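Novice: Dumping the structure here so I can ask a few things about it.
Bear in mind that the values in this text are calculations on the coordinates, not laboratory data. A quick note: this is a predicted structure, and the numbers were derived from the prediction, not measured. Backbone-built Cβ (ideal geometry, glycine too); neighbour counts: all protein chains shown.
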Amino acid sequence: MKRRPHRAAAIAGAMIALLVAVPGTSGLPVVGVASAASAEESPYARGPAPTKATVEAALGSFRIATEKVPSGQGFGGGTIHYPTDTDQGTFGAIAVAPGFLETEAAVAWYGPRLASQGFVVITFSTNGTWDTPDVRSDQLLAALRYVTDKSQAKSRVDPHRLAVMGHSMGGGGSLIAAQKAPTLKAAIPLTGWNPNTIFSDLKVPTFVVSAQNDFIAPDGSHSRPFYQSLPASLNKAYMLLAGAGHMAPTKPDVTIAKYSLSWLKRFVDEDTRYDQFLCPLPVNDPKIAAYRGTCPLT
């Protein structure tokens, strides 16, 4: 079990209304609120206490800035979104890879959505759209190295709290990246595709997102075997989206965002305030055909 330092008292912070202008969206300013974390259990908790409304919101409480990354850094170039806040310490970082024949555009929406919740997020294109999951895994790790070592946001990143996500072959790549880098804090394959479905050696908390009507990476051939192969001792979860297809993760989706955010907060930030959205396991949600997972989380 991970050790979680306890604080004698919650951190109190004044609530300051901020106008958040997010590049790449409608261009209109969005009103947000930033505050200091109030969690007692984790020194890494960032932002206000979560509610159903905040985890489902299109944008969180942090004002964010954007950095464009050229190609030639071990991946095909991308975009970093990061909180501008300098009062709450460093943030965890997340790399998000697209799938077969896709570019960064397929995963771009995760950048502002997750960064505004208190993460540094790089979404990127791969060197080649035909790259295999294994090659994509190397590019996910290269993207994280760029964020921690070279980016404008590097001073805001905790290099010990990193995670990977990806769609389709990028999702398969996220699982392989977790094998190669077992110190990662979380992995989230989104309707992942990978010819190897056995990940029994994984040590990284993993949230598998699948789709009921996926005919490219069918649930029974990919996501479900991924999940079933994970060690029983691992913090893990599996969500089957009702009526959704393979491309569901490539456009803003409240259900994907809500549970992915909660998983990242719980394991990258060790923020137990998000346990409420993961345990007990979600039931009676018409957008979820099946959900399995570890409860209680450790």
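Novice: Please report, in debye to the nearest 20, how large the charge dipole of segment 187-298 is about its Cα centre when each Lys and Arg carries +1 at its beta carbon and each Asp and Glu carries -1 there.
Specialist: Computed charge dipole of segment 187-298: roughly 60 debye.
Novice: Taking the number of other C-beta atoms within 10 Å as the exposure measure, put 42, 116 in order starting with the fewest.
Specialist: The fewest-first ordering by Cβ neighbours comes to 42, 116.
Novice: Cβ under 15 Å from residue 194's Cβ, residue 194 left aside: what net charge do those residues give with Lys, Arg +1 and Asp, Glu -1?
Specialist: -3
Novice: Where nothing but the Cβ of Lys and Arg (+1) and of Asp and Glu (-1) is charged, how large is the charge dipole of the chain around its Cα centre, in debye to the nearest 20?
Specialist: 440 debye
Novice: Going by C-beta contacts inside 10 Å, put 285, 134 in order with the fewest on the left.
Specialist: The order, fewest Cβ neighbours first, is 285, 134.
Novice: Given points 7 Å out from each Cα along the Cα-Cβ axis, report the residue 130 to residue 242 separation in nanometres with one decimal.
Specialist: Here the modelled spin labels are 4.1 nm apart.
Novice: Report the FRET efficiency, 1/(1 + (r/R0)^6), for residue 276 and residue 221, where r is their Cβ-Cβ distance and R0 is 41 Å, rounded to 0.05.
Specialist: Efficiency, from the Cβ-Cβ distance: 0.80.
Novice: Let me ask something additional. Can you tell me what the convex hull of the Cα atoms of the chain projects to on average, as an area in nm²?
Specialist: 13.8 nm²
Novice: Whose amide H sits under 5 Å from the amide H of residue 120, counting only residues 5 or more places off or on another chain, with H placed in the peptide plane?
Specialist: 92, 93, 94
Novice: A further question on this structure: Roughly what % antiparallel, to the nearest 5, for the DSSP beta bridges in the chain?
Specialist: Bridges in the chain that DSSP calls antiparallel: roughly 45 percent.
Novice: Filter the cross-link list 154/185; 150/180; 150/258 down to pairs whose alpha-carbon distance in this structure exceeds 24 Å.
Specialist: 150/258
Novice: Next up: Label segment 45-144 by shape, choosing from rounded, prolate and oblate, from the square roots a ≥ b ≥ c of the eigenvalues of the Cα gyration tensor; if a/c is under 1.5 it is rounded, and otherwise prolate applies when a/b is larger than b/c, oblate when it is not.
Specialist: prolate
Novice: Using a cut-off of 14 Å between beta-carbons, work out the net charge of the residues near residue 56 (Lys and Arg +1, Asp and Glu -1, residue 56 not included).
Specialist: Every neighbour counted, the sum reads +3.
Novice: Please say if segment 154-298 is rounded, prolate or oblate, where rounded means a/c under 1.5 for a ≥ b ≥ c the square roots of the C-alpha gyration tensor eigenvalues, and otherwise the choice is prolate for a/b larger than b/c and oblate otherwise?
Specialist: Rounded, because the longest to shortest axis ratio a/c is under 1.5.
Novice: The chain: longest stretch without exposed chymotrypsin sites (Phe, Trp or Tyr not before Pro) (DSSP loop, at most 10 other Cβ within 10 Å), sites themselves excluded?
Specialist: Longest stretch, sites excluded: 1-129.
Novice: Cross-link candidates for residue 251: which lysines have Cα within less than 17 Å, leaving aside residues fewer than 8 places away along the same chain?
Specialist: Cα-Cα hits under 17 Å: 287.
Novice: Would you please give the residues with an amide H less than 5 Å from that of residue 166, counting only those at least 5 places away or on a separate chain, with H modeled from the backbone geometry?
Specialist: 97, 188, 190
Novice: For residue 244, what charge total do you get from the other residues with a beta carbon under 10 Å from its beta carbon, if Lys and Arg give +1 and Asp and Glu give -1?
Specialist: -1
Novice: What is the set of long-range amide H partners of residue 289 at a cut-off below 5 Å, with H atoms built 1.01 Å from backbone N?
Specialist: For residue 289, whose amide H was placed from the backbone, the distant partners under 5 Å are 240, 241, 242.
Novice: Further question on the same structure: Please compute the length gained on full extension between residue 152 and residue 201, using 0.36 nm multiplied by the number of residues separating them and subtracting their Cα-Cα distance.
Specialist: Contour length minus the Cα-Cα distance gives 14.2 nm.
Novice: Could you give each residue of segment 186-200 its phi-based ³J(HN,Hα) in whole Hz, using Karplus coefficients 6.51, -1.76, 1.60 with θ = phi - 60°, and x for Gly or Pro?
Specialist: 7, 9, 9, x, 9, 6, x, 10, 7, x, 8, 10, 9, 10, 6
Novice: I'd like the Karplus ³J(HN,Hα) series for segment 86-100: coefficients 6.51, -1.76, 1.60, θ = phi - 60°, whole numbers in Hz, and an x wherever there's a Gly or Pro.
Specialist: Taking θ as phi minus 60°, the curve returns 10, 9, 10, x, 7, 10, x, 10, 10, 10, 10, 10, x, x, 3 Hz for segment 86-100.
Novice: Would you calculate a helix-derived [θ] at 222 nm for the chain, using -39,500 (n - 2.57) for each DSSP H run of n ≥ 4 and dividing by the full residue count, to the nearest 500?
Specialist: Taken over the chain, the calculation gives -6000 deg cm²/dmol.
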